[in-house]
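Below is one structure, written out as structure tokens; the observations come after it.
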Amino acid sequence: MIGVALAWGACFVAISWGLRDAPVLWFAALRALLAGAALVAVASAQHRRLPRGPRTWALIGLLGLVNATLALAAMFAAGAGAAKGVAAVLANAQPLLILLPAWWLYGQRPTRSTTIALLLGLAGLTVVASASGAGAGAGLSLAAAAATTAGTLLARWLAGVDVIVVAGWHLLFGGLALAVWASLSEGQPDIAWTGRFMASLAFLALVGTAATTVIWFTEAQHARLDQLTGWTLLVPVIGVLLAALVLGERPTGWTLLGLGGVLAALWIAQRPDHTPPAGHHGLPPTAPAPAPTGAPRT
């Protein structure tokens, strides 16, 4: 998860570089399409089994619209309209947004620690949004976080389907929808295929999307969602540091204060205050395997 957080934090800098050479929606569409094509190619080369049934494909298509089309469009638009460090903070509000849906859908009741983290994290995000002027960039970043949260919940519904197949096809569906959206709102793609743009696109698609999506979906299918998504609160730290070091964006005192609240929320959320009972992970409880003959049962 530290590796995923590093990759996602660096994505905000890569988006900033790439937007100098490409319009917002076309850049987002190319990111999703390249990542999806790479994963589908891997799945095909490894002869991975395709999902069966219209319901499963419908869920994959819905996942693509939410997790790729809406999330990436909002994220790229926010990157064009807000400071990169601020966008990194607000776009990663997923740990705070997922607590109640995970409780309702999968029976993962928030603990006292996660409830405190929710309140503290929301306060920190409010401070960061206020420091940024709470403009369109801040709102779009929060919209990206909401779409990503919905994508994580949908990915858990698809447990049992090959994760590389799901990741690849949902990105292709979402990328195609983004391309249609881009053609209607931005017209023909006006892209400068510079070395800077191609390097940004390759990193965003292959590292920041394809690889991290497979890891994320794998964990989302069996881990507690509140503890899993809590790790994404590391992304703003990396995003703010990289924005300061690479882009020269100096965070304000209020931004640092809000960021401190978000980090405190991560620390509180990851502190176990009790062991959840069996069956409260969103998955059915399993019976222990029988002990081998002659071996002690523990």
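No lab work stands behind these numbers, since they all come straight from the coordinates. Here the structure is a predicted model, which means the values were calculated and not measured. So basically every Cβ, Gly included, is an ideal-geometry build from the backbone, and we count neighbours across all protein chains shown.
By the beta-carbon count within 10 Å of each Cβ, the least crowded to most crowded order of M198, M1, M75, fewest first, is M198, M1, M75. Loop-located chymotrypsin sites (Phe, Trp or Tyr not before Pro) in segment 156-197 (DSSP state other than H, G, I, E, B) with a sparse environment of at most 16 neighbouring Cβ atoms within 10 Å: W193.
Sequentially through segment 249-265, phi angles give Karplus couplings (6.51, -1.76, 1.60; θ = phi - 60°) of 7, 8, x, 6, x, 5, 4, 5, 5, x, 5, x, x, 5, 5, 4, 4 Hz, Gly and Pro residues having no value and appearing as x.
For segment 192-206, 3J(HN,Hα) computed residue by residue from phi via the Karplus equation (6.51, -1.76, 1.60; θ = phi - 60°) reads 9, 7, 7, x, 4, 5, 5, 5, 4, 5, 4, 5, 4, 6, 7 Hz, glycine and proline entered as x. Under the classification rounded if a/c is under 1.5, otherwise prolate if a/b is larger than b/c and oblate if not, where does segment 24-63 fall, given a ≥ b ≥ c as square roots of the Cα gyration tensor eigenvalues? Here segment 24-63 falls in the oblate category. Ordered by the number of other Cβ atoms lying within 10 Å of each residue's own Cβ, fewest first, H170, H47 fall into the sequence H47, H170.
Distances between every pair of Cα atoms in segment 2-269, grouped in 10 Å steps from 0 to the bin holding the largest one, split as 8, 32, 36, 21, 4, 0 percent. Per-residue Karplus couplings for segment 72-78, computed as 6.51 cos²θ - 1.76 cosθ + 1.60 with θ equal to phi - 60°, are listed in order as 5, 4, 5, 5, 5, 5, 5 Hz, Gly and Pro entered as x.
Length gained on full extension, I215 to A123, computed as 0.36 nm times the residue gap minus the Cα-Cα distance: 30.2 nm. Annotation: peptides 205-211, 38-44, 10-16, 246-252, ranked by per-residue average of other Cβ atoms within 10 Å with the highest first, follow the order 10-16, 205-211, 38-44, 246-252.
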